[in-house]
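Chemist: Dropping a structure here in structure tokens format, bear with me for questions.
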Amino acid sequence: MDAGPSPAVDAEPSAFNDETLVPRKSMADDARFDVTAMVDLVFMMNIFFLVTWAELARAEIDLPTARHCTAATLSRSIVFTVMKGPTVYIGDGAGGVALSPGEVDQRVATAIEDGKKSEDNKDIVLIKAEKEVLLRDIAHLANIATASGGVKLMLAVIEKR
């Protein structure tokens, strides 16, 4: 009984065997991109722009000179000085009459009305304020001054060095 050669002996290794020694490289290429360098670059650019922006924010601004502005005539002006605190004085500087916080509204309005009725016809309200005084304190005084009507409002900032 000759059955022929045994399949185990005559069989050649299959070309489709997945158990090869060196795996075959895939035909599809994996698309990968290393973003480490780009992240570093963006981080450095952010630092650069933050530093230069901070420097530019602190730089002085060269403003043009005023063309349509005149100085207030002190002989026709009612002067109020606002110091840090806020402390309001009727008059030029701390040498004027100091007003308590409760009497500011009434005394400022009275001083303006008296100035308009005087023989000098004081129709200019000049508010001088220190650099540290808040805008809301100056605006409050300006609202009182303009409420009576018939006056020109002028502001000045006192910058002490």
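Chemist: With every protein chain kept in place and ligands, DNA and RNA left out, what is the accessible area per residue of the range 30-101? Probe 1.4 Å, answer in Å². Mind dumping the intermediate values first?
Modeler: Working: 6140 Å² over 72 residues.
Accessible surface, normalised per residue, equals 85 Å².
Chemist: On to the next question. Hey, can you rank 73-79, 86-92, 45-51, 101-107 by average C-beta count inside 10 Å, highest first?
Modeler: So the peptides 73-79, 86-92, 45-51, 101-107, ranked by packing, come out 86-92, 73-79, 101-107, 45-51.
Chemist: What fraction of the Cα pairs in the range 51-132, stated in percent, has a spacing above 23 angstrom?
Modeler: On the way: 1372 of 3321 pairs.
Result: 41 percent of Cα pairs exceed 23 Å.
Chemist: Can you list the residues, at least 5 places off or on another chain, whose amide H is less than 5 Å from the amide H of Leu153, using H built in the peptide plane?
Modeler: When sequence neighbours closer than 5 places are left aside, the close amide H contacts are Val125.
Chemist: Would you kindly compute the Cα radius of gyration of the range 16-158 and its largest Cα-Cα separation (Dmax), both in Å?
Modeler: Taking only Cα atoms of the range 16-158, I get Rg and Dmax of 33.6, 118 Å.
Chemist: When the chain is fully extended, how far beyond the present Cα-Cα distance does Ser26 get from Asp105, taking 0.36 nm per residue of separation? Before the final figure, lay out the partial values.
Modeler: On the way: separation 79, 0.36 × 79 = 28.44 nm, distance 8.75 nm.
My answer for the length gained is 19.7 nm.
Chemist: Calculate the spin-label point distance for Ala72 paired with Phe48, positioning each point 7 Å from the Cα along the beta-carbon direction, and give it in nanometres.
Modeler: 5.0
Chemist: Quick check on packing: order 150-159, 21-30 by the mean number of other C-beta atoms within 10 Å, highest mean leading.
Modeler: Taking the mean over residues of other Cβ atoms within 10 Å, the ranking is 150-159, 21-30.
The values are calculated or read from the model by the stated rules, or taken from the named source; none is laboratory data. From a predicted model like this one, the values you see are computed outputs, not experimental measurements. Don't worry about glycine lacking a Cβ; one is built from the backbone with ideal geometry, like all the others, and counts go over all protein chains shown. What goes into the accessible areas is simple: the full protein's heavy atoms, side chains included, and nothing from ligands, DNA or RNA. Shrake-Rupley method; radii C 1.70, N 1.55, O 1.52, S 1.80 Å.
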